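Structure first, commentary second.
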Amino acid sequence: MVGPALLLFFGFVLVPFVMAVGFSFTNVKLLQTDRIEWTGLDNYTRMFAIKVVEAPPAVNAVEAHIPSRQWRRLKRAEPAAHEGYQFLTDVAWGDTRYLIVARDPQFLRSVANTFLFALLVVPIQTALALAMALWVNQHFRGRVALRTVFFSPVVTSMVVVSAVWGLILHTEAGLANQVLRQVFGENAPQPDWLGNPRVAMLSIAIMSAWQGAGFQMLIFLSGLQGISIDQYEAASVMGANRCQKFIYITLPGLRRTLVFVVLSTTIMAFGLFTQVDVLTGGGPQDATSTIIFHSVRVGFRELDIAYGSAMTLFFFLFVLLMSLGQKKIMERLGA
């Protein structure tokens, strides 16, 4: 009975995983499997190879404001010393400017963007899910239908959700900017939601929180229904208001549920891919590129399967450590 399931597991999970581990120590290309060479840990060192160099004096005002030009001039002057490195960012220390370069600056930006997305989406999605759970936990006509409405985005394909939100966030004809024009007039700000590096990740985080909050709502709803109604009745007799009941009864009663929701949402946030692939393609200026998106881009679009496998293995180990940390926290809370 378990034979078909085991066959699928070996064919589509275990064997590809073992192959990815092996590929990560080679230089294999997707369409050049006859030129495989053992490279050891080169793919892993490439991910985190960083070098800090002192910036040469700027030759003009334009170069002083564009440090990447200083790096290109320095690299032309010393090509052997800086071979394989690309400009990442710059920092100023006193009167001296330093250039930070890396072998794969896109990967480091993707790591930073992944953490930024998690920092944005986790509080937004958790707060939204808790608010919806508190609403539908009350006794009123139509609450079952409202739960269905809140949960419906979860079962909708992320590709479809992303495509619809792409139309909503369109700069010229999108619903979001049309609402701003209707409310604040023709001179209302018209943000480039997906084309501005400063707001693109926030836009994706808001869309992702909206799409996934229904699932966390059900978890919170289960936790709310596990809190005894006697506690609220006793608090009412003692004159407690709604805010006091929420702080002293609801939140302590949801402690374990809240920890589980935050940790599970964080782990899922690190797997961001579909929204970026559909909405921005990693842009603008790599502002929305994530670890998974960059690994897929390198492995299947740039055909560098070896380096893409190394990045996915790093991501696997990172998520594994996150899961173990979640287990330890839940054990300490007695869950």
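The values are calculated or read from the model by the stated rules, or taken from the named source; none is laboratory data. Predicted model, so just to flag it, every value in this text is computed and none were measured. Glycine gets a Cβ as well: all are built from the backbone with ideal geometry, and neighbour counts include every protein chain shown.
I'd like to check something: does segment 297-304 contain any residue that is part of a helix (DSSP H, G or I) and among the aromatic types (Phe, Trp, Tyr)? Yes; the residues of segment 297-304 include at least one that is part of a helix (DSSP H, G or I) and among the aromatic types (Phe, Trp, Tyr).
Taking segment 23-44, which residues are of a type in the set (Val, Ile, Thr), loosely packed, with under 13 Cβ neighbours inside 10 Å and in contact (Cβ under 8 Å) with a residue 24 or more places away in the chain? Give the derivation first.
Going residue by residue through segment 23-44, those that are of a type in the set (Val, Ile, Thr) are 26, 28, 33, 36, 39.
Those still in the list that are loosely packed, with under 13 Cβ neighbours inside 10 Å too: 33.
Across segment 23-44, there are no qualifying residues.
The condition of being of a type in the set (Gly, Ala, Ser), in contact (Cβ under 8 Å) with a residue 12 or more places away in the chain and assigned to a helix (DSSP H, G or I) holds for only one of Ala5, Ala20, that being Ala20. For Ile305, the conditions (1) of a type outside the set (Asp, Glu); (2) out of contact with any strand residue (DSSP E or B) (no Cβ under 9 Å at 6 or more places or on another chain); (3) surrounded by 18 or more Cβ atoms within 10 Å (Cβ to Cβ) are fulfilled apart from (2).
Check Val136, Val101, Val122 and return the single one that is within 18 Å of Gly271 (Cβ to Cβ), touching a residue at least 12 places away in the same chain (Cβ under 8 Å) and not aromatic (Phe, Trp, Tyr). Steps first, answer last, please.
Values: Val136 fails: within 18 Å of Gly271 (Cβ to Cβ); Val101 fails: within 18 Å of Gly271 (Cβ to Cβ).
Answer to the selection: Val122.
The set of residues in segment 305-315 being within 17 Å of the chain's Cα centre (by Cα) and without any contact (Cβ under 8 Å) to a residue 60 or more places away in the chain consists of Phe315 alone. Counting only helices (runs of 4 or more DSSP H) wholly contained in segment 182-271, the ones carrying 2 or more residues that are in contact (Cβ under 8 Å) with a residue 60 or more places away in the chain occupy 200-225, 255-269. Evaluate the following for Asp286: is it acidic (Asp, Glu), modelled with pLDDT of 90 or more and part of a helix (DSSP H, G or I)? The answer is no for Asp286.
Is it true that some residue in segment 25-38 is under 27 Å from the mean Cα position of the chain (by Cα) and either closer than 28 Å to Ala310 by Cα or assigned to a helix (DSSP H, G or I) (or both)? Checked segment 25-38: at least one residue is under 27 Å from the mean Cα position of the chain (by Cα) and either closer than 28 Å to Ala310 by Cα or assigned to a helix (DSSP H, G or I) (or both). Out of Ala55, Ala61, Ala49, Ala20, one residue alone is over 28 Å from the mean Cα position of the chain (by Cα) and surrounded by 14 or more Cβ atoms within 10 Å (Cβ to Cβ). It is Ala55.
If you go through segment 23-52 and keep only what is over 25 Å from Phe87 (Cβ atoms), of a type in the set (A, V, I, L, M) and in contact with a strand residue (DSSP E or B) (Cβ under 9 Å, 6 or more places away or on another chain), you end up with just Ile36.
Restricting to segment 288-302, give me the number of residues that are surrounded by 21 or more Cβ atoms within 10 Å (Cβ to Cβ) and closer than 25 Å to Val161 by Cα. Counting residues in segment 288-302 that are surrounded by 21 or more Cβ atoms within 10 Å (Cβ to Cβ) and closer than 25 Å to Val161 by Cα gives 7. Within segment 169-207, take every residue that is of a type in the set (Gly, Ala, Ser) and touching a Phe, Trp or Tyr at 6+ places or on another chain (Cβ under 8 Å) and give me the one that is nearest to Phe117 (Cα to Cα). The selected residue is Ala205.
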